[in-house]
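Undergrad: Sending over a structure as structure tokens; questions will come in a sec.
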Amino acid sequence: MKKRIRTHTNPLNIRQRLTDISLDALSVSFDGIDLDIGFGRGRFMSTYAQQYPTRLIVGVEVRKQMVLAFRERYQLHNCVPIWGAAEMCLEDVIMDHSLGRVFIFHPDPWFKKRHHKRRVLNPKLLQLIQLKLVSGGRLYISTDVEELHNDMLNLCQTCGTLEFIENDPFWTTDYMTHWSMFSDRQEREQYFLTVQFKEDL
């Protein structure tokens, strides 16, 4: 099996605030907002934006070269690629109760235990996502690393304020990323989670 090569960037090194970015004027032209955390090469984000032209999709990525490459390759009226950390994007850019969907696809696994703190999904990020989602909004998570899947699943289970949605059609109708295509070619098992935060909390 071909070994996967990842270009890791430590998200803890991204410290700049994003308070100079505002979606207020732009968002009024759309039916809603979705957020792609770690959009990478932008395969999913660009396809999704074209499939849903009436929705505004914001993408945040810690690798600056990926953001610059996306801006150069795609000129989509409903796409906002941002270089920065996910937590700061949620805190500084995204309004409370404004997101319909949040996507976290194939995040870096950071296998070494001392590096687990660098993993994208953590209790603070879950709390922020819950605050930013509209009532009934959903979080979509995928990976082909079983250890990481179990870690993210356990984290969601201990949150205690959410429910898992089984057989979500999203995974067969809307989902396609650079890494999912890689996983398919290499016959790597993929793991999917759809999470909806309980509306009464």
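The values are calculated or read from the model by the stated rules, or taken from the named source; none is laboratory data. What you see is a predicted model; the values in this text were computed from it and never measured. With ideal geometry, Cβ positions are generated from the backbone for all residues, glycine too; neighbour counts draw on all protein chains shown.
Undergrad: If you go through segment 46-62 one residue at a time, how many are surrounded by 18 or more Cβ atoms within 10 Å (Cβ to Cβ) and assigned to a loop (DSSP other than H, G, I, E, B)?
TA: Adding up the residues that qualify gives 2.
Undergrad: Being over 18 Å from the mean Cα position of the chain (by Cα) and under 24 Å from residue 175 (Cα atoms) narrows it down to one of 47, 54, so name that one.
TA: On the way: 47 fails: over 18 Å from the mean Cα position of the chain (by Cα).
Going through 47, 54 in turn, the sole match is 54.
Undergrad: Within the group 94, 33, which residue is crowded, with 22+ Cβ neighbours inside 10 Å, at pLDDT 95 or above, in a loop (DSSP other than H, G, I, E, B) and among the hydrophobic types (A, V, I, L, M, F, W, C)?
TA: On the way: 33 fails: in a loop (DSSP other than H, G, I, E, B).
Testing whether each residue is crowded, with 22+ Cβ neighbours inside 10 Å, at pLDDT 95 or above, in a loop (DSSP other than H, G, I, E, B) and among the hydrophobic types (A, V, I, L, M, F, W, C) leaves just 94.
Undergrad: Select from segment 147-181 the residues that are surrounded by fewer than 13 Cβ atoms within 10 Å (Cβ to Cβ) and charged (D, E, K, R) and list them in ascending order.
TA: Scanning segment 147-181 gives 147, 163, 166.
Undergrad: At least 1 residues that are over 18 Å from residue 124 (Cβ atoms), touching a strand residue (DSSP E or B) at 6+ places or on another chain (Cβ under 7 Å) and at pLDDT 90 or above in each: list the helices (runs of 4 or more DSSP H) lying fully within segment 142-197 that qualify.
TA: Details: elements: 146-159, 170-173, 178-185.
Passing ranges, in order: 146-159, 170-173.
Undergrad: Further question: What tally of residues in segment 76-91 results from selecting those that are farther than 19 Å from residue 52 by Cβ and either in contact with a Ser or Thr (Cβ under 7 Å, 6 or more places away or on another chain) or surrounded by fewer than 21 Cβ atoms within 10 Å (Cβ to Cβ) (or both)?
TA: To start, the set of residues in segment 76-91 that are farther than 19 Å from residue 52 by Cβ comprises 83-91.
Next, only the ones that are either in contact with a Ser or Thr (Cβ under 7 Å, 6 or more places away or on another chain) or surrounded by fewer than 21 Cβ atoms within 10 Å (Cβ to Cβ) (or both) stay: 83, 87-88, 91.
Number of matching residues: 4.
Undergrad: Return yes when residue 41 is out of contact with any strand residue (DSSP E or B) (no Cβ under 9 Å at 6 or more places or on another chain), surrounded by fewer than 22 Cβ atoms within 10 Å (Cβ to Cβ), modelled with pLDDT under 95 and not small (Gly, Ala, Ser) and no when it is not.
TA: Details: out of contact with any strand residue (DSSP E or B) (no Cβ under 9 Å at 6 or more places or on another chain): yes; surrounded by fewer than 22 Cβ atoms within 10 Å (Cβ to Cβ): yes; modelled with pLDDT under 95: yes; not small (Gly, Ala, Ser): yes.
Considered against the rule, which asks whether it is out of contact with any strand residue (DSSP E or B) (no Cβ under 9 Å at 6 or more places or on another chain), surrounded by fewer than 22 Cβ atoms within 10 Å (Cβ to Cβ), modelled with pLDDT under 95 and not small (Gly, Ala, Ser), residue 41 comes out as yes.
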